[in-house]
Each structure stands twice: as C-alpha cells, then as structure tokens.
Amino acid sequence: MEGYSAARWMVCGDFINPTQPLAWQCASALERLGVTVLTANTEIRQPRVDHFIKKMGKSLAKPFGFKQSLSERFVRQERLTIERHLLVQFDRFRPDVVLVIRGNPVDPSVLADWRKAGARIVGWWIKDLKNLDNFLRDQPFHDLNYSIHANMRHPGIRYLPAVAVDPYRYRPLPEIAKRFDVVFVGIHTPKRREYLRALTGWRLGIVGPGWRSRFEWRDRVLFSAVQARTLHGEALNRFYNAGRIVVNINQWEANEGSGVTLRLADGPASGACLVSEYSCGIEEMFMPGEEIVSFTTPDELRDRVDFYLAHEEERQRVAQAGHDRAMRLPTHLDRMRVLLEAVRSGEG
C-alpha cells in the first residue's frame with residue numbers, strides 16, 4: 001500500500017459482470033493505494049424466474065402496443081431498487097468520497113443527498129455517447145466529472161481513459177494450444193453479429209451474453225462458435241491465449257464519438273494479435289498497423305483477418321509489438337492515482 005490517505009471511498013459500479021471487471025479493478029487499486037473501500041453494485045442480479053416473467057410479460061404486451069411502456073416500467077422499478085440499495089450502503093459506510101462509474105442514470109436526488117451528508121462525488125462516464133445526456137444532467141451534482149471521450153468539449157468534464165493494462169490478469173501462456181483462429185469477447189449486439197458473420201470459414205470462438213438467444217439459434221455458424229456466456233480471471237486469459245487473433249468490435253459506430261472499449265489492452269497483454277475496429281483516440285493506446293490492426297467495415301475486418309492468418313510472421317510481429325506496448329500502458333493504479341490526487345488537492 002502506498003498510504004495516499006485514510007479516506008473512505010464508496011465505489012459504485014457493475015460488480016456483477018465478471019467478463020468486464022473494471023469496477024473490481026478500480027476498487028482493488030484504491031485499496032492498494034491505502035484507501036478503505038466499500039463496493040456498491042449498480043446492477044441487478046435477476047433470478048432466472050424473474051427474468052423469464054419479465055420477458056414473457058413484454059412478449060404478451062407487444063401485440064397490444066404496451067411493450068415499450070412495460071419495458072420502461074421495469075427499468076424504473078430496477079433503478080428504484082438499486083437507488084434504495086445505494087442509499088442504505090452509504091448510510092452504513094458514511095464514505096468521504098463516492099466514485100460513480102457511470103453508464104446508467106443515478107437519480108440526482110441520490111447524489112444531492114450524498115453531498116449534503118458531506119461526501120465528495122466523482123462521476124466517471126465509461127460508456128458511449130448515446131446516453132450521455134444522463135451524465136450531463138447530473139454534472140452539477142458531481143464535484144469532479146470525468147469521461148473516456150477525448151473529444152468531449154464540455155466545461156468541467158475532464159478526460160480520463162478507462163483502458164488500462166492488468167498484467168496480473170492477462171499475460172501470454174505459450175503452452176496453450178491455438179484452438180481458434182479468431183476469438184471475440186463481448187455482449188451480443190446486431191452490429192457485432194454482422195461483423196462476426198464476415199468471418200465465416202475461420203475457427204471462431206465467442207464469449208459473451210446474448211449470443212445463444214433465439215436470434216442466434218438460426219445462425220448455426222455463430223451459435224456453434226459460442227464457448228460460454230461469461231469467463232473471468234484465469235479462464236478468460238486462457239481463452240484469449242487460445243486464439244491467433246483477438247477481434248475487438250465497438251458497441252457504437254465510429255462516427256458517434258471517441259472512446260475505445262475497455263477490453264482494448266486485454267488481447268495484446270495476453271500476447272495475441274489484436275484486430276480492432278477503429279475509433280478516435282485509439283492511437284493514444286496503440287499504433288494501428290504496427291502494434292495492432294484496425295478496420296472500419298465488415299469487409300475490412302475480413303480482409304485483415306485473412307491477411308494476418310495467412311502471414312504468420314507478420315502476425316507474430318504485430319502481436320509482439322502490441323504486447324510490448326500494452327506493458328507500457330497505464331495500470332488501474334495509475335488511473336486511480338489521478339482521482340486520488342484530484343480529490344486530495346481539493347480540485348472540482
């Protein structure tokens with residue numbers, strides 16, 4: 001521990017999704033920096049029965065035109081449940097600082113209550129720009145505001161990338177056989193489905209929620225490529241190592257803004273050749289064409305994968321350069337030091 005301060009921090013984020021452990025990594029980094037940390041989950045772990053009832057309710061409501069309103073009602077109920085949980089956690093822990101890793105709305109009244117109780121609120125937007133209005137709405141209720149988007153020109157919002165290397169979690173394992181030509185990790189989206197369909201013919205491995213849904217059942221190639229809904233820790237590192245190429249596909253369109261997916265460093269850190277969709281800001285992390293390979297369309301993705309699977313020496317060169325660069329990237333300790341320094345100096 002580095003003994004930054006004796007402050008108590010409450011970290012609010014997604015502590016459910018093991019495939020994307022950013023919240024856990026931030027909390028762990030703060031503890032290693034000498035901070036007392038409480039983790040507060042901003043997601044709901046739904047029992048299978050509740051999830052089934054919700055899906056059936058929306059299916060039955062669809063013919064009558066009530067699906068949208070019912071979905072909105074479910075979302076409101078979930079947010080109220082989460083906010084009640086956060087308020088209870090805060091009252092028990094009484095933190096000096098609350099770090100809200102944002103991607104979903106947190107009611108301004110909750111933030112206001114925390115500030116009245118004497119806590120400093122740090123908001124960090126880590127998602128795309130689609131729901132950014134929620135963050136901008138809540139900006140006055142934060143003492144410090146951060147975003148992963150470098151081109152976001154909003155007064156009072158600072159740039160802080162979320163991409164960081166985790167050398168303890170991701171590293172090369174030379175003994176692992178290359179069972180896949182291409183591997184992908186991430187939640188299912190129609191865009192990602194379209195891109196991965198372009199890789200038909202190669203041995204493809206997929207890990208992520210939603211890929212075994214009723215929509216993919218008809219697509220036998222993608223359906224059969226799914227290895228697991230989630231993997232984490234050493235199992236995820238072994239999966240990355242089992243692929244010759246790791247593909248990274250953004251959830252958003254490249255023209256919707258800057259920001260890169262949080263998994264950008266994981267593939268290169270594991271020693272794989274990363275083929276990533278281009279987005280503004282990617283050059284800050286890796287040099288396209290040298291340390292990673294970039295693409296912008298499904299056809300380009302196919303061309304890049306075809307070339308680098310056919311040219312072993314070139315693929316190994318990019319993989320090694322990418323790994324070397326990944327090891328020089330900031331760690332989660334570095335990212336949290338930025339926040340600690342800002343809070344300790346009284347910025348805001």
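The values are calculated or read from the model by the stated rules, or taken from the named source; none is laboratory data. Treat the numbers as computed from the prediction; the structure is a model and nothing was measured. Backbone-built Cβ (ideal geometry, glycine too); neighbour counts: all protein chains shown.
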Practice problem: Mind listing just one residue for me: the one in the stretch 241-259 that is in contact with a strand residue (DSSP E or B) (Cβ under 6 Å, 6 or more places away or on another chain) and not hydrophobic (A, V, I, L, M, F, W, C) and, of those, modelled with the lowest pLDDT? | Solution: ASN250
Quiz item: Hey, does the stretch 295-308 have a residue that's among the hydroxyl-bearing types (Ser, Thr, Tyr) and assigned to a helix (DSSP H, G or I)?
Solution: yes
Exercise. Just need a number here: residues in the stretch 10-68 that are at pLDDT 90 or above, among the hydrophobic types (A, V, I, L, M, F, W, C), closer than 18 Å to ARG79 by Cβ and under 14 Å from the mean Cα position of the chain (by Cα).
Key: 1
Quiz item: How do the pairs read when you match residues in the stretch 137-159 that are modelled with pLDDT of 90 or more with residues anywhere that are assigned to a helix (DSSP H, G or I) and surrounded by fewer than 18 Cβ atoms within 10 Å (Cβ to Cβ), using Cβ under 6 Å and keeping only pairs 6 or more apart or on different chains?
Solution: PHE141/PRO108; PHE141/ALA112; ASN145/GLN139
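Can you give me the number of residues within the stretch 263-303 that are hydrophobic (A, V, I, L, M, F, W, C), out of contact with any helix residue (DSSP H, G or I) (no Cβ under 6 Å at 6 or more places or on another chain) and in contact (Cβ under 8 Å) with a residue 60 or more places away in the chain? Spell out the reasoning first.
Filtering the stretch 263-303 down to residues hydrophobic (A, V, I, L, M, F, W, C) leaves 264-265, 269, 272-275, 280, 282, 285-287, 292-293, 295, 301.
Imposing the further condition that a residue be out of contact with any helix residue (DSSP H, G or I) (no Cβ under 6 Å at 6 or more places or on another chain) reduces the set to 264, 280, 282, 285, 287.
From what is left, the residues that are in contact (Cβ under 8 Å) with a residue 60 or more places away in the chain are 264, 280, 285.
Here the count works out to 3.
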Quiz prompt | From GLU290, GLU283, GLU277, GLU314, residue being within 16 Å of the chain's Cα centre (by Cα) and either charged (D, E, K, R) or assigned by TED's automatic domain parsing to the domain that holds ILE206 (or both) | solution = GLU277
Quiz prompt | the stretch 160-218, residues that are of a type in the set (Phe, Trp, Tyr), crowded, with 20+ Cβ neighbours inside 10 Å and outside any loop (DSSP other than H, G, I, E, B) | solution = PHE180, PHE184, TYR195
Quiz prompt | Residue list for the stretch 266-307, filter: more than 10 Å from ASN248 (Cα to Cα) and among the small types (Gly, Ala, Ser) | solution = ALA269, SER270, GLY271, ALA272, SER279, GLY281, GLY289
Quiz item: Among the candidates LEU274, LEU262, LEU222, which residue alone is closer than 22 Å to ILE126 by Cβ, among the aliphatic types (A, V, I, L, M) and modelled with pLDDT of 85 or more?
Solution: LEU274
